[in-house]
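Laboratory data are not the source of any read-out in this text; all were calculated from the coordinates shown. Keep in mind the model is a prediction, meaning the values are calculated, not measured. Virtual Cβ from ideal backbone geometry, glycine too; neighbours counted across all protein chains shown.
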Amino acid sequence: VNQQSQITAFFSKT
Amino acid sequence: MFELRLVQGSLLKKVLEAIKDLVNDANFDCSATGFSLQAMDPSHVALVALLLRPDGFEHYRCDRNISMGMNLNNMSKILKCGGNDDIITIRADDGSDTVTFMFESPNGSANFEMNLMDIDSEHHGIDESKCCAVVRMPSSEFQRICKVLSSIGDTVVISVTNEGVQFSTRGDIGTANIVCRQNINVDKPEESTVIEMSQPVSSQFPLRYMNSFTKATPLSNTVTISLTSELLLAVEYTIAEMGYIRFYLAPKIED
């Protein structure tokens, strides 16, 4: 099964 | 007060066509840096970043930083009320809850006022340093590949090696593999495929999103596709020397 990852995991909040 | 005047109004129409199906509501940020936007799709799988620099406008006035929340479908409806060759002026007074769009042609002008919305949004820091493969290719070719593959499968595997960039998919009817090799065209650089890579990289992404990104194709002859070591995908279209539209897409991961 391929899970879709969330984009927020790749960015830091500014 | 905020005011911008864009002689080539069709550019803004193309920008809206590129993002309105991906993002519902977004804050347009107006500052000395330019007219910009950062927004996620409702599933939080993709992020779009837009920048139109002040020097790309005939007139750009921004007395203080403001953020204008707009429903992109409504904004697109209003932009479609103007002609393709119209000059577009966007104006918002300080503290106003509306924004005015003005369309000018040699034959006359038209004004539309749109209600602004309060939108909670977070700004995300984007670290460009983790890039490990960059492919620049004709945007029409990338659009064709995404369309072809989505007739076979739902997910594309993008692999960048010394051999080239490979786009693969698998579906009920079979599999598809498309390879683009480096090909430098000195006379027509926009038709070149250029691959820069520090290490081979491979990752898979939903084609539904890739096809959505290719709606930006009318903005640029070329597209730049980058993959980071964390397997984040960035798809960038430059906008005629005034800025860019970038789409970021999270990878699918094996469970």
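For the pair B:Asn111 and B:Val194, the difference between a 0.36 nm per residue extended length and the Cα-Cα distance amounts to 25.4 nm. Its relative contact order, with pairs defined as Cα atoms under 8 Å and 6+ residues apart, puts chain B at 21 percent. Spin-label model, B:Asn221 to B:Val7: label points 7 Å out along the Cα-to-beta-carbon direction sit 2.1 nm apart. Per-residue shielding of B:31-40, expressed as the average number of other chain Cβ atoms within 10 Å of the residue Cβ, stands at 1. Placing a pseudo-label 7 Å from each Cα along the Cα-to-Cβ vector at B:Asp55 and A:Ser12 gives an inter-label distance of 2.9 nm. The overall shape of segment B:123-249 is rounded: from the C-alpha gyration tensor, with semi-axes ordered a ≥ b ≥ c, the ratio a/c is less than 1.5.
Extending 7 Å from the Cα toward the beta-carbon at both B:Glu141 and B:Asn177 defines two label points whose distance is 1.9 nm. The protection proxy used here, the mean number of other Cβ atoms lying within 10 Å of each residue, ranks peptides B:77-84, B:187-194 as follows, highest first: B:77-84, B:187-194. In this structure, the pairs whose alpha-carbon distance is over 25 Å, taken from B:Lys80/B:Lys215; B:Lys13/B:Lys252; B:Lys188/B:Lys215; A:Lys13/B:Lys215; B:Lys80/B:Lys188, are B:Lys13/B:Lys252; A:Lys13/B:Lys215; B:Lys80/B:Lys188. For the pair B:Ser67 and B:Asp97 in one chain, pulling the backbone fully straight at 0.36 nm per residue adds 9.7 nm over the alpha carbon distance. In plain terms, the chain from B:Val148 to B:Glu241 could stretch by 30.4 nm, reckoned as 0.36 nm per residue minus the Cα-Cα distance. The C-alpha atoms of chain B define a longest principal axis, and helix B:10-19 lies at about 50 degrees to it.
With a 10 Å cut-off around each Cβ of B:62-72, the average count of Cβ atoms from other chains is 0.
Within 10 Å of the Cβ of each residue in B:43-53, the mean number of Cβ atoms contributed by other protein chains is 2.
If R0 is taken as 35 Å, the Cβ-Cβ distance between A:Asn2 and B:Ile119 corresponds to a FRET efficiency of 0.65. Does chain B come out rounded, prolate or oblate by the C-alpha gyration tensor, with a ≥ b ≥ c the root eigenvalues, rounded set by a/c under 1.5 and, if not, prolate when a/b is larger than b/c and oblate if not? Since a/c reaches 1.5 and a/b is larger than b/c, the shape of chain B is classed as prolate.
Going by the alpha-carbon gyration tensor, a ≥ b ≥ c the square roots of its eigenvalues, is segment B:1-108 rounded (a/c under 1.5) or, if a/c is not under 1.5, prolate (a/b greater than b/c) versus oblate? Because a/c hits 1.5 or more and a/b fails to exceed b/c, segment B:1-108 counts as oblate.
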